[in-house]
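Right, one structure below, let's go through it.
What follows is calculated from the coordinates using simple rules that are stated; it is not laboratory data. What you are looking at is a predicted structure, and each value in this text was computed from that prediction instead of being measured. Cβ atoms come from the backbone with ideal geometry, glycine included; neighbour counts cover every protein chain shown.
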Amino acid sequence: MHFRTRSGIGALLASLIVVAACGSPPATATPTLGPRASALSSAGITASATSSASLSATPNPTADLATYARIETQVEAVRDLAPKAPVTPILLDEQGVRDWMTKAMESGVDHTALAAESRLFSHLGLLPVGASLEQLELDLDAGQALGFYDADTKQLYILSTSGTVGAEQQWVFSHEFTHALQDQNFGLDKLAIDAPNQSDRDLARTALPEGDATLTMMQWAERNMSILGLLSSAFSGLGPQTDQFNNAPAILREDLMFPYEAGLSFVEGVYEKGGWPAVDKLYAKPPSSTSQILHPALYAAGIGPVAVTLNAVPATLGTGWKLTYQDTMGELQLRVWLEGEHPTDAQATAADSAASSWAGDRIGLYEGPGGEWAVVLRTQWRSASGGTAFVAAAHQTLAGLSSPSAVCGDATHADIIIAADMAVLGSFPCQPAE
């Protein structure tokens, strides 16, 4: 898979910190950003990637270190993990966060794959025609991120527009320091969440450390933050960031929030049954699909995704065609595709039901001369009723697209073909679904 930062937080969830004790958490950024960040700062405590003059308040490194040390001790007690190396956070202003992520994108992204995925998503109706997934992700991640941990450099970054460590920075630090503890004790690199063309598995495995860190943060905040501190953190997240998140394409919003929302629910369920030792064991056998995160009983029963493969380019297409890009969408992204942008509760419930029997899939973008293209989505379902429900929902989604399409297969094996024109569509073998 291409490098995907998945490094932001929906500001809307940040506003929910006021009810964190009731189970609605704020969330922060992912632990898996790879490219080096040390060039952004050598100060160790506070920094901007542009100019320290942009930080309006005067930092107090001594006081900050004492605050960090206190939170570290508290988090270690909450999470029941001991550190193996010190971690000193760096404060970045908003421009510093964006500059850091821009550098990360430039050096860590497979630009060709991201461009192909942009075209694939556009053909599916998930992105506007001509949209750049790379640019959209950078804008959303940089605009929403409150903090992140770089597993390559072992460096931790916190957003602070004032240059000081307030209530928001403290609970964000509790989350990101948990990532450092995870990395030091389990090795986040072992999750292998940057495998080529395995987006669904990557998203599922990202949900493990994010759900873990979010649960830890909630427990830490409940024990150590005042109501005033919680309120201060909540209202700091309101404003333009919320509008940016709400206006982003659904596929980006859902991908962004899944590790925190669904990941929290998954980890919390394991924690309630076996405490932190049970959560620790997850790192030795991480989840392999978003379906396992959404349906923890599948993970508990060892029911993983079925391997699905795509056919080679049909000879009937002629020369110059190739399979440009392929990936696994998984239950989450298929659900997003079925429900569309800003669905009603009824639409979301119907899409959730239609995707809930997912067993496996593979999607491919075939491209040929003269801008010709075709998308083939091959799916497998755990039950005939589940496959039938997906096919019915898919017909409704396809009806909203301008390109010709066909649905093939049977109740448990359904293929969807979308093409630039009828001639290309007819070149792909298809037995109509029953």
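Taking other Cβ atoms within 10 Å as a rough exposure proxy, Tyr283, Tyr325 sort from fewest to most as Tyr283, Tyr325. Dividing the C-alpha radius of gyration of region 239-348 by 2.2 N^0.38 Å, with N its residue count, gives 1.41. Subtracting the Cα-Cα distance of Ala69 and Asp152 from 0.36 nm times their residue separation leaves 27.6 nm of extension gain. Taking the Cα centre of region 315-426 as origin and assigning +1 to Lys and Arg Cβ atoms and -1 to Asp and Glu Cβ atoms, the resulting dipole is close to 260 debye.
The overall shape of region 315-426, judged from the alpha-carbon gyration tensor, is prolate: a/c is not under 1.5, and a/b is greater than b/c. Listed by chain and number, the lysines placed with their C-alpha closer than 16 angstrom to that of Lys190 are Lys154, Lys281, Lys285; residues fewer than eight positions away on the same chain are left out. Just check region 320-384 against the gyration tensor rule for me: Cα atoms, a ≥ b ≥ c as the square roots of the eigenvalues, rounded for a/c under 1.5, and otherwise prolate or oblate depending on whether a/b exceeds b/c. It is oblate, given that a/c is not under 1.5 and a/b is not larger than b/c. Each of Leu264, Leu317, Leu365 has some number of other Cβ atoms within 10 Å of its Cβ, and from fewest to most they run Leu317, Leu365, Leu264. Once both labels are positioned 7 Å from their Cα atoms along Cα-to-Cβ, the gap between Leu323 and Glu222 label points is 4.7 nm. Placing a label point 7 Å from the Cα of Ser107 along the Cα-to-Cβ direction, the residues of region 133-161 whose backbone N falls under 15 Å from that point are 150-156. For region 91-194, list log₁₀ I(q)/I(0) at each q in 0.10, 0.11, 0.14 Å⁻¹, using the Debye formula over Cα point scatterers of equal strength and ignoring solvent, two decimals each. With one equal scatterer per Cα and no solvent, log10 I(q)/I(0) is -0.37, -0.44, -0.68.
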